[in-house]
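A short worksheet on the structure shown next.
The values are calculated or read from the model by the stated rules, or taken from the named source; none is laboratory data. All of these numbers come straight from a predicted model, not from anything done at the bench. Here the Cβ positions follow ideal geometry from the backbone for every residue, glycine too, while neighbour counts run over all protein chains shown.
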Amino acid sequence: MEPILNFINGEFHPSASGMTLETVNPASGQVITTLPRSSAEDVAMATKAALEAGPAWSATTMEERMAWLHRIADALEEEAETIAQLESMDTGKPISLARRVDAARSVSNFRFFANFGRDHTEPIFSDHGAVNHVHRSPVGCVGLITPWNLPLYLLTWKVAPALLMGNTIVAKPSELTPMTANHLAKVLTKVHFPKGVFNLVHGLGPEVGQAIVEHPDIRGISFTGGTATGKIVAATAAPMFKKLSLELGGKNATVVLDDAPLEEMMDGIVRASFTNSGQVCLCGSRVLVDAAIYDRFKTMFVDAVSNIVVGDPASESTVMGSVISKDHQTKVESYIELGQQEGGVVLTGGSATDAPVKGVTAQGAFLRPTVIEGLSHTSRTATEEIFGPVVTLHPFTSEQEAIDMANATEYGLAGSVWTADTARGYAFAQHLDTGIVWVNTWLNRDLRTPFGGVKQSGVGREGGAWSLNFFSELTNICVQQP
Ligand code: TXE
């Protein structure tokens with residue numbers, strides 16, 4: 001395939017140094033193409049283009065920007081199948097998932113904010129003979145840094161509101177998954193989007209991501225990725241007083257209460273555990289089950305998990321593809337090994353050697369979904385983010401114990417509660433120290449709601465009005481009435 005290039009000032013360019021990296025199809029181990037190994041020099045060029053495009057873009061009206069978001073959504077929709085194919089090839093996720101989640105949500109991210117901008121009005125406060133107007137203006141040039149698990153889904157989640165609020169952008173996708181960000185640049189070119197408003201610089205995190213965070217003219221950073229990297233981003237941005245939104249790792253609990261109708265809810269619990277090979281920050285990687293139903297749950301859960309169709313992501317029948325890379329496969333296998341060292345028992349799945357995936361090449365980064373029981377909920381395997389197709393099972397004997405277990409990690413992103421009584425589930429959810437809790441569902445997303453975590457899962461919220469707030473600055477204009 002043609003090489004990926006940076007997208008700066010509406011033109012495609014190699015990196016200034018001419019250096020490149022390779023992007024690999026993790027399901028086959030084959031190199032797909034190359035991408036620029038950019039540096040601070042490329043980030044400076046992209047930022048200059050963004051600053052030059054800033055005045056004209058921020059002078060447009062919300063109406064004009066909403067119209068642009070609709071045009072982009074329309075163009076992405078026309079190319080949804082191409083986007084799904086590229087995303088599946090770049091990440092190893094099944095084509096069915098790439099269509100249903102990645103491509104579809106990339107369109108709806110633009111569509112949602114195009115419409116949300118219309119409904120959103122600013123408050124006016126009148127008192128003491130004066131009228132106070134809350135005036136919004138763009139942050140300016142913002143840096144968007146995104147991970148490899150949901151590449152276009154998470155990039156567009158940031159691009160749409162950033163554009164809506166009149167900002168210009170320097171974006172950096174993960175070096176592991178550059179394909180669909182590149183396609184977004186092609187779509188913007190196709191719809192004649194103003195040059196320099198959206199810029200894309202590819203490369204390694206410490207070389208390009210770091211340069212974006214350090215650049216003095218990039219006034220806000222929206223970052224999604226690992227907690228360890230989030231700490232580096234925060235340490236760099238904080239003394240520069242940049243606006244900062246961090247959506248980081250998670251080690252989420254799926255809590256199954258004693259009255260949960262298991263036949264009806266098992267599919268949702270399995271999806272929460274293994275969607276995208278468990279490579280979603282919202283996945284439930286710890287399954288806490290009331291001891292009274294633990295054995296019945298375990299039997300049904302292990303049966304469902306061992307029947308998940310794992311294989312070639314290009315096949316329509318595949319439910320779980322590969323993980324993102326051979327390196328990540330090794331990292332996940334090390335946690336399966338650790339789980340056994342810590343006293344856990346593998347009930348299904350295991351390393352690629354112990355539980356080989358049939359019908360795929362050994363060069364592919366495949367693992368079968370793995371369930372481990374018998375571990376303390378404070379073990380490393382049950383508290384560290386694995387970010388792969390591995391869940392641990394833990395019985396509890398009271399709701400309070402379940403709450404304490406669920407809250408016993410350094411993360412606080414999401415969780416789910418399963419029960420026949422939704423009022424009970426809602427009451428239980430309020431005790432979970434996380435940013436999001438689903439009751440009897442998972443990944444049901446209303447884009448108007450706040451999205452983000454607490455503790456080591458990040459700082460800030462994006463979504464709906466929270467995104468508009470992050471991607472704008474407020475001025476209160478107080479007008480003394482005559
Ligand atoms: O994240 P990284 P990755 C977690 C999960 C996963 C881990 C690594 O644990 O194993 O993060 O995934 C860029 N300054 N999640 O590699 O390494 C990097 O190039 C600025 C949870 O995706 O944090 C990439 O574009 N940027 C997460 C982006 O940061 C830097 C989803 C994320 O890379 C940088 C994905 C630096 N110094 C992974 N170093 C979620 N919560 O959704 C790297 N980057």
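Summary of values
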{"quantity": "Verdict on Val107 being within 16 Å of the ligand (Cβ to nearest atom), in a helix (DSSP H, G or I) and either more than 20 Å from Asn9 (Cα to Cα) or in contact with a Lys or Arg (Cβ under 8 Å, 6 or more places away or on another chain) (or both)", "calculated": "no"}
{"quantity": "Residue within the range 228-243 that is assigned to a strand (DSSP E or B) and in contact (Cβ under 8 Å) with a residue 40 or more places away in the chain present", "calculated": "yes"}
{"quantity": "Matching residues, the range 183-212, being surrounded by fewer than 24 Cβ atoms within 10 Å (Cβ to Cβ) and within 14 Å of the ligand (Cβ to nearest atom)", "calculated": "Leu204, Gly205, Pro206, Glu207, Gln210"}
{"quantity": "In the range 386-415, the residues that are charged (D, E, K, R) and either touching a strand residue (DSSP E or B) at 6+ places or on another chain (Cβ under 7 Å) or within 18 Å of Leu443 (Cα to Cα) (or both)", "calculated": "Glu410"}
{"quantity": "Some residue of the range 17-37 being in a helix (DSSP H, G or I), farther than 30 Å from Val357 by Cα and aliphatic (A, V, I, L, M)", "calculated": "no"}
{"quantity": "Residue match in the range 130-139 (condition: within 28 Å of Glu207 (Cβ to Cβ), within 16 Å of the ligand (Cβ to nearest atom), over 15 Å from the mean Cα position of the chain (by Cα) and not in a helix (DSSP H, G or I))", "calculated": "no"}
{"quantity": "Selection from the range 255-306 of residues that are within 16 Å of the ligand (Cβ to nearest atom) and either in a loop (DSSP other than H, G, I, E, B) or modelled with pLDDT under 95 (or both)", "calculated": "Gln279, Val280, Cys281, Leu282, Cys283"}
{"quantity": "Strands (runs of 3 or more DSSP E) within the range 365-482 that include 2 or more residues within 23 Å of Gln279 (Cβ to Cβ)", "calculated": "368-373, 390-396, 414-418, 436-439"}
{"quantity": "All positions within the range 79-97 that are within 15 Å of Asn109 (Cα to Cα) and surrounded by fewer than 15 Cβ atoms within 10 Å (Cβ to Cβ)", "calculated": "none"}
{"quantity": "Number of the condition not met by Gly463 [criteria: (1) within 16 Å of the ligand (Cβ to nearest atom); (2) outside the structural domain of Phe223 (by TED's automatic domain parsing); (3) among the small types (Gly, Ala, Ser); (4) free of Cβ contacts under 8 Å to residues at least 60 places away in the same chain]", "calculated": "(2)"}
{"quantity": "One residue from Val319, Val371 being away from the ligand (no atom under 16 Å from the Cβ), among the β-branched types (Val, Ile, Thr), in contact with a Pro (Cβ under 7 Å, 6 or more places away or on another chain) and closer than 18 Å to Cys283 by Cα", "calculated": "Val319"}
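Per-residue answers, yes or no, for (1) in contact with a helix residue (DSSP H, G or I) (Cβ under 7 Å, 6 or more places away or on another chain); (2) closer than 15 Å to Phe301 by Cβ; (3) free of Cβ contacts under 8 Å to residues at least 40 places away in the same chain:
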residue: Gly359; (1), (2), (3): no, no, no
residue: Val371; (1), (2), (3): yes, yes, no
residue: Leu375; (1), (2), (3): yes, no, yes
residue: Ser379; (1), (2), (3): no, no, no
residue: His394; (1), (2), (3): yes, yes, no
residue: Gly412; (1), (2), (3): no, no, no
